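The numbers here are math on the coordinates, done by the rules we state, and not lab data. Note that the structure is a prediction, hence the values are computed from the model and not measured. When we count neighbours, we look across all protein chains shown, and the Cβ atoms used for this are built from the backbone with ideal geometry, even at glycine.
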Amino acid sequence: MKNKKWLNQLKWLWFAVVIAAAGWYFAINFSEMRVYLASIHIGRILISILLLLIAKFITADLTFYSLCITSQPITFQNAFSITAITQLGKYLPGGLWHFAGKFGVYKARGASTKGAARPMIIENLWLITSAILTGIITLLISTSPLPCQLIPLLCSITNQVILSVSLLLVWMIAAFIVEQKVLKARFSPALHLRLSIEQIIIWLLFGTSFWLVFPRNTNINFFLQAVSAFSLSWAAGYAAFFAPGGIGIREASMTLLLAAFFPPETTAIYAAIHRLLWVVVEILLALLCMGLFGLPLGLEQASTQSDDQKAESKQK
């Protein structure tokens, strides 16, 4: 019982630290963000938040299936709760605590070290590769001069289309082979197709959410490049373990990729506004899950088992 009480105290302390760190970050940037917030219609902000929520919900489906296809059955509710609560760990110093938290939950549910690592590798493989793929394809089909500047052959629209289709097919086939042969995951091609579509939808939703924090702009090329900028910058920030939550890395990448539309300082402010919405959504989802479902299934079991073991040892 004491163990469970300690865990409950620790989780609220963790939330307090995360919220304090996020609050400090936005407090020092709020004076600039306030001016730009006034230029954005409230309806766009609300839709942006809604799209973030939907994308987060779909992301939990990846957690759910990464466990199911590695022979670790779980309910979607528990998968969603695990994702919502452990994801806040990325804002703590070191930037790796969300991995440690999810790994600890899987171990507490009875998985071996290898068994806990496999679904995490699969899920992160899905997220990172799909973010890069979506970012590259949306950049190619926009009128951005960047692909042409980097590779002269891509100055041709035909070559851009061919490359986009080729990348999509190679990604889907390669991912399926790696998951089946290397990571020993077992699922049908139909499920792989469904999950591949889900991954692309996630980044289209996140990217659209980012586009909505900018003032109304009907330019389709700006929309595509905003989706591309968000997806590629997220991948860059995710890979930067030294930056909690990719803070700084993601924003710097966005300013570079959207330089054709806005000055770097303007893009940085809108990126900070979207970061604010992102963090608020993540905190609210985590609080909601803890309030409705408690600790993720596994931590509670581990705590109960520990209490039972202590009781048995006292009886002996």
Footprinting exposure proxy for Tyr238, Tyr270 (fewest neighbouring C-beta atoms within 10 Å first): Tyr238, Tyr270
Taking every alpha carbon pair in region 41-300 and sorting the distances into 10 angstrom bins from 0 up to the bin holding the longest one, the percent per bin comes out as 7, 29, 35, 22, 7, 0
On each of the three principal axes of the Cα atoms of region 152-231, give max minus min coordinate, whole Å, ordered largest first. 46, 32, 18
With N set to the residue count of region 45-165, report its C-alpha Rg divided by 2.2 N^0.38 Å to two decimal places. 1.36
Using Cβ contacts closer than 10 Å as the measure, can you line up Leu140, Leu169, Leu276 from fewest to most? Leu169, Leu276, Leu140
Neighbouring Cβ atoms within 10 Å as the yardstick, rank Cys289, Cys68, Cys155 fewest first. Cys155, Cys68, Cys289
Set the Förster radius R0 to 30 Å, insert the Cβ-Cβ distance between Glu265 and Ile173 as r into 1/(1 + (r/R0)^6), and round the FRET efficiency to 0.05. 0.10
